[in-house]
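The values are calculated or read from the model by the stated rules, or taken from the named source; none is laboratory data. Since we're looking at a predicted model, the values are computed, not measured. No Cβ is skipped: glycine too gets one built from the backbone with ideal geometry, and neighbour counts run over all protein chains shown. Ligands, DNA and RNA are excluded from the accessible area calculation, which covers all protein heavy atoms including side chains. Shrake-Rupley method; radii C 1.70, N 1.55, O 1.52, S 1.80 Å.
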Amino acid sequence: MCGIVGYNGNKDCVEILLDGLSKLEYRGYDSAGIAVRKDGNIEVVKEKGKLANLREKVEKKKMTGNCGIGHTRWATHGEPSENNAHPHISNDGSVTVVHNGIIENYQELRAKLERHGYTFYSETDTEIVANLLDYYYKKYKLGPIDAIAKTMVRVRGSYALGILFEEYPDDIWVARKDSPMIIGTDKDGSYIASDVPALLKYTNQVYYIDNLEMACLKKDSVTFYDLNGDEIKKELKTIEWDIASAEKEGYEHFMIKEIHEQPEVIGKTLNSLMVDDKIDLSKVGLSEKEIKDISQIYIIACGSAYHVGVCAQYILEDLAKIPVRVDVASEFRYRKPILDKKGLAIVISQSGETADTLAALRECKEMGVKTLGIINVVGSSIAREADHVLYTLAGPEIAVATTKAYSTQLIASYALALEFAKVRGTIDNKEYNEIINELKTIPEKVQSIIDKEIDDIQKLASKLCNLDDAFFIGRNLDYAIALEGSLKLKEISYIHSEAYAAGELKHGTISLIEDNTLVIGLATQEEIFEKTISNMVEVKSRGAYVVCVVPEGSDVSKVSEYTIEIPKTNKYLYSSLVVIPLQLLSYYISCAKGLDVDKPRNLAKSVTVE
């Protein structure tokens, strides 16, 4: 969602702010702005549309300064416009604010402020925050800490705030509740950002600010406070990602770069979870007794992470014989779940900041259920709040459409299933070792698919780029991957796409098939291979253009117009291979249509508000 940056130091802040905002473009935005302090004054420049528009405006004004805050806005309250763009200022200009999140009681607060003579120029909830800070600052006359604390108590919703007070020219103030924020530091100054990539060019030394905390950034120090205004000590952390991993490095788009990175990050994640050719979850902190005592697993996630959960459900139930339920995080709390306190809730999120998933995690903890996060970002909210954490090693993922984070989450799921099965005695040593040996070949096999299929899939994409509808079908684990393949196609190519369990075709779906409708059939599960092929025959007989994804050596010539063969592997692991050609197909269709692959319309990388 929205992106925040800030800098207070010895360098000119303008380029640091603009560069930081460019690193947050993947989060999704419709306008941008910066506020820069110089010679005691705060100058604000905002613009609708792309960051390039803001840069042009800033360069014309020749802005300079050593302290400032910036923002890319994802419209919630009020249409995309220069007027609604951040930063927002209080009526007399004494407080300037950038904000990521949603203020749920903004109408109530606006009415209160209007009774005290405040007026409003925008439709946003953020302008209310600027004036509420100003109101408390002037009413109590106790300084920024007290004004911010009183505002935090009064506001309902989520927020990460970057604040400039006119009367405190040496400071940037920040506050946080539920929306992400990190604070960086080096010899040249202090930084704030919504996500790691905005800081990596300048520093890898960061602090994590927790919920309902504040901080004051000076040029050479950062001081943290709790809601009572008492000072808090924080430990400086080191981000292990390098700057190259957040750059395109010659690739046309981040998405294709991240597809190519999958063999490496799959291998890294797998190696981090193995010792002496055995799964080792000691870093996760789940004891064998805890694993044996688990009565039920609840997997909770959004989007592609939810599709990982669907895969994990099939594998965990089959291998470890544990009942598993998979929930869309945005629905989890509102169905008022009945949870077993002997259960384990697994929440999956690349960023570790996904609002609905984080809320579900907290619900589980309140109900006394142990929680485990499968997370890619060290120090993120879910990573800090979950009882146990299994880190994936995908590195920074910039493209909105996930590829490598999804693939590493699959690896994490395999590891959990194998370890749970072994500890609970539902798998013998022979099968365990066979799966482990095959698991170690996955990076190489993923690389072979990329090398072998990339040119042919690019040609296929050129042929299919003008289609209006596509359907993905499969059974069992293939259905789970069909969900992900369909999502990839629709989110970056804007083609209407749906995924169905192949056996459900006769229950309505087949009525949508007509001449040249694209149907992508996935058939990797040997025990139901013939049934899936029969479903493909059904759609082909009704005029569908059928693309099959099958293991090498499978004879589908009578049903398939185009066949993608993948290396053979263990039945549980095909998901890691099937998804690769589906990612490539979606990518090249989007390219053929001339679309913005990395930043598809209306989407954000990290959904940090409900």
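Do the conditions hold for LEU595, that is, is it of a type in the set (A, V, I, L, M) and farther than 30 Å from ILE315 by Cα? Criteria met by LEU595. Among the conditions (1) in a helix (DSSP H, G or I); (2) buried (at least 17 other Cβ atoms within 10 Å of the Cβ); (3) out of contact with any Phe, Trp or Tyr (no Cβ under 9 Å at 6 or more places or on another chain), TYR314 misses just one, which is (3). Restricting attention to segment 553-567, the residues that are in a loop (DSSP other than H, G, I, E, B) and either surrounded by fewer than 16 Cβ atoms within 10 Å (Cβ to Cβ) or at pLDDT below 95 (or both) total 9.
Screening THR124 with (1) open to solvent by 10 Å² or more (accessible area, probe 1.4 Å); (2) outside any helix (DSSP H, G or I) gives one miss only, at (1). Hey, does segment 117-128 have a residue that's of a type outside the set (Phe, Trp, Tyr), under 24 Å from ILE172 (Cα atoms), in contact (Cβ under 8 Å) with a residue 60 or more places away in the chain and touching a Leu at 6+ places or on another chain (Cβ under 9 Å)? No, segment 117-128 contains no residue that is of a type outside the set (Phe, Trp, Tyr), under 24 Å from ILE172 (Cα atoms), in contact (Cβ under 8 Å) with a residue 60 or more places away in the chain and touching a Leu at 6+ places or on another chain (Cβ under 9 Å). Just checking, does segment 577-587 include any residue being open to solvent by less than 60 Å² (accessible area, probe 1.4 Å) and over 30 Å from SER22 (Cα atoms)? So far as segment 577-587 goes, yes, one or more of its residues are open to solvent by less than 60 Å² (accessible area, probe 1.4 Å) and over 30 Å from SER22 (Cα atoms). If you check TYR314 against the conditions, is it more than 17 Å from the chain's Cα centre (by Cα) and without any contact (Cβ under 8 Å) to a residue 40 or more places away in the chain? Here the answer is no, as TYR314 does not meet what is asked.
Report, by residue number, each residue of segment 99-111 that is buried (at least 16 other Cβ atoms within 10 Å of the Cβ) and either small (Gly, Ala, Ser) or touching a helix residue (DSSP H, G or I) at 6+ places or on another chain (Cβ under 8 Å) (or both).
Within segment 99-111, HIS99, GLY101, ILE103, TYR106, LEU109, ARG110 qualify.
Of all residues in segment 540-558, those satisfying the criterion of being in contact with a strand residue (DSSP E or B) (Cβ under 6 Å, 6 or more places away or on another chain) and over 21 Å from ILE580 (Cα atoms) are LYS540, ALA544. Residues in segment 258-286 that are of a type outside the set (Val, Ile, Thr), over 19 Å from LEU584 (Cβ atoms) and assigned to a helix (DSSP H, G or I): GLY267, LYS268, LEU270, ASN271, SER272. Residue selection: ILE374 satisfies the criterion of being part of a strand (DSSP E or B), modelled with pLDDT of 95 or more and open to solvent by less than 10 Å² (accessible area, probe 1.4 Å).
Touching a Pro at 6+ places or on another chain (Cβ under 8 Å) and over 22 Å from HIS253 (Cα atoms) - does that describe any residue in segment 598-606? No.
In the set (1) surrounded by fewer than 24 Cβ atoms within 10 Å (Cβ to Cβ); (2) touching a residue at least 40 places away in the same chain (Cβ under 8 Å), ASP134 fails one condition alone, (1).
Considering only segment 223-239, state which residues are assigned to a strand (DSSP E or B) and either buried (at least 22 other Cβ atoms within 10 Å of the Cβ) or among the charged types (D, E, K, R) (or both). Hits for segment 223-239 are GLU231, LYS237.
On the stretch given as segment 137-151, residues that are surrounded by fewer than 20 Cβ atoms within 10 Å (Cβ to Cβ) and more than 33 Å from the chain's Cα centre (by Cα) total 7. A Cβ distance below 7 Å, combined with a sequence gap of six or more or placement on separate chains, defines the contacts here; from segment 528-545, residues that are within 13 Å of ALA470 (Cα to Cα) and among the hydroxyl-bearing types (Ser, Thr, Tyr) reach residues that are open to solvent by 30 Å² or more (accessible area, probe 1.4 Å) and outside any helix (DSSP H, G or I) in the pairs TYR545/ASN516; TYR545/GLU561. Contact annotation: residue pairs with Cβ atoms under 7 Å, 6 or more positions apart or on different chains, pairing a residue in segment 397-416 that is charged (D, E, K, R) with a partner that is in a loop (DSSP other than H, G, I, E, B) and surrounded by fewer than 24 Cβ atoms within 10 Å (Cβ to Cβ), are LYS404/GLU261. Here are some conditions: (1) without any contact (Cβ under 8 Å) to a residue 60 or more places away in the chain; (2) under 21 Å from the mean Cα position of the chain (by Cα). GLU249 meets all but one. Which one does it not meet? Tallying (1) without any contact (Cβ under 8 Å) to a residue 60 or more places away in the chain; (2) under 21 Å from the mean Cα position of the chain (by Cα), GLU249 fails exactly one: (2).
How do the pairs read when you match residues in segment 220-232 that are under 18 Å from ASP171 (Cα atoms) and modelled with pLDDT of 95 or more with residues anywhere that are surrounded by 13 or more Cβ atoms within 10 Å (Cβ to Cβ) and basic (Lys, Arg), using Cβ under 9 Å and keeping only pairs 6 or more apart or on different chains? Every condition considered, the pairs that remain are VAL222/LYS234; PHE224/LYS234. Within segment 39-63, the set of residues being touching a helix residue (DSSP H, G or I) at 6+ places or on another chain (Cβ under 6 Å) and either open to solvent by 20 Å² or more (accessible area, probe 1.4 Å) or within 21 Å of CYS216 (Cβ to Cβ) (or both) comprises GLU47, ARG55. If the condition is being of a type outside the set (Val, Ile, Thr) and surrounded by 21 or more Cβ atoms within 10 Å (Cβ to Cβ), then segment 264-273 contributes LEU270, LEU273.
Selection within segment 72-98: residues that are at pLDDT below 95 and part of a strand (DSSP E or B). The member of this set that is surrounded by the fewest Cβ atoms within 10 Å (Cβ to Cβ) is ARG73.
For segment 415-528, the helices (runs of 4 or more DSSP H) that sit wholly inside it and include 2 or more residues that are under 15 Å from LEU573 (Cβ atoms), in contact with a helix residue (DSSP H, G or I) (Cβ under 7 Å, 6 or more places away or on another chain) and open to solvent by 10 Å² or more (accessible area, probe 1.4 Å) are 442-464.
What residue, among those in segment 205-219 that are over 23 Å from the mean Cα position of the chain (by Cα) and open to solvent by less than 50 Å² (accessible area, probe 1.4 Å), is farthest from PHE165 (Cα to Cα)?
Ranking the qualifying residues of segment 205-219, first place goes to GLU213.
Taking the stated definitions as given, is ILE382 in contact with a helix residue (DSSP H, G or I) (Cβ under 8 Å, 6 or more places away or on another chain), without any contact (Cβ under 8 Å) to a residue 60 or more places away in the chain and surrounded by 24 or more Cβ atoms within 10 Å (Cβ to Cβ)? Considered against the rule, which asks whether it is in contact with a helix residue (DSSP H, G or I) (Cβ under 8 Å, 6 or more places away or on another chain), without any contact (Cβ under 8 Å) to a residue 60 or more places away in the chain and surrounded by 24 or more Cβ atoms within 10 Å (Cβ to Cβ), ILE382 comes out as yes.
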